[in-house]
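The values are calculated or read from the model by the stated rules, or taken from the named source; none is laboratory data. Since we're looking at a predicted model, the values are computed, not measured. Cβ: placed from backbone, ideal geometry, glycine included. Neighbour counts: every protein chain shown. These accessible areas exclude ligands, DNA and RNA; they are computed on the full protein's heavy atoms, side chains included. Shrake-Rupley method; radii C 1.70, N 1.55, O 1.52, S 1.80 Å.
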Amino acid sequence: MTWRGDDIGRWLTRQQRDFNRLNPEQQKRLAALGVRQVVPARKAPVSGGTKAGAVRGTGAYTRGLAALAQYVQREQRTVVPRQHTERVTLDGQDHEVRLGVWVSNQKNRRNKLNGEQLARLAELGMDWV
């Protein structure tokens, strides 16, 4: 909805988001209209929750590593086609891992991997580690 060329919905969203940045008089006027601050939704924990010292995304890394190990053992090679999906079972749960994409992402982000992660990839024969 617009009024005199201004998008009212966009304006209202901005007022709610930035409510704490407004001066007290502006907050009072908006409150009289029923406008309140929007509290941002909390993000869900990664992979079922994080423990102290846990690395973000370790669940995905663990699934990818298990899928790669299974693939290397079966195929006797480390070259994974980009579109390849590997089914792996971990802790009694089946997971489909887009292995080709995962390997490509690990290679592109290798400077962000820790020493243990790099060592585990090297053990599987990834020569770019």
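Some observations on this one:
- In segment 62-89, the residues that are open to solvent by less than 40 Å² (accessible area, probe 1.4 Å) and in contact with a Ser or Thr (Cβ under 7 Å, 6 or more places away or on another chain): V72
- Top-ranked residue in segment 115-129 [being assigned to a loop (DSSP other than H, G, I, E, B) and of a type in the set (A, V, I, L, M, F, W, C); ranked as surrounded by the fewest Cβ atoms within 10 Å (Cβ to Cβ)]: W128
- For V46, the requirement of being surrounded by 10 or more Cβ atoms within 10 Å (Cβ to Cβ), modelled with pLDDT under 90 and touching a Gly at 6+ places or on another chain (Cβ under 8 Å) is met.
- Total residues in segment 101-114, condition open to solvent by 60 Å² or more (accessible area, probe 1.4 Å) and in a helix (DSSP H, G or I): 5
- Evaluation of R98 against the conditions (1) touching a Ser or Thr at 6+ places or on another chain (Cβ under 8 Å); (2) open to solvent by less than 100 Å² (accessible area, probe 1.4 Å); (3) of a type outside the set (G, A, S) shows that the sole unmet condition is (2).
- Considering segment 25-43, the residues that are over 30 Å from R63 (Cβ atoms) and open to solvent by 100 Å² or more (accessible area, probe 1.4 Å) include one that is modelled with the lowest pLDDT, namely V39.
- Near pairs, Cβ below 7 angstrom, 6+ apart or cross-chain, from segment 61-77 (in contact (Cβ under 8 Å) with a residue 40 or more places away in the chain) to any residue that is open to solvent by 70 Å² or more (accessible area, probe 1.4 Å): L65/R120
- Taking segment 62-80 as the range and being of a type outside the set (S, T, Y), assigned to a helix (DSSP H, G or I) and out of contact with any helix residue (DSSP H, G or I) (no Cβ under 7 Å at 6 or more places or on another chain) as the test, the residues that pass are R63, A66, A69, Q70, V72, Q73, R74, E75.
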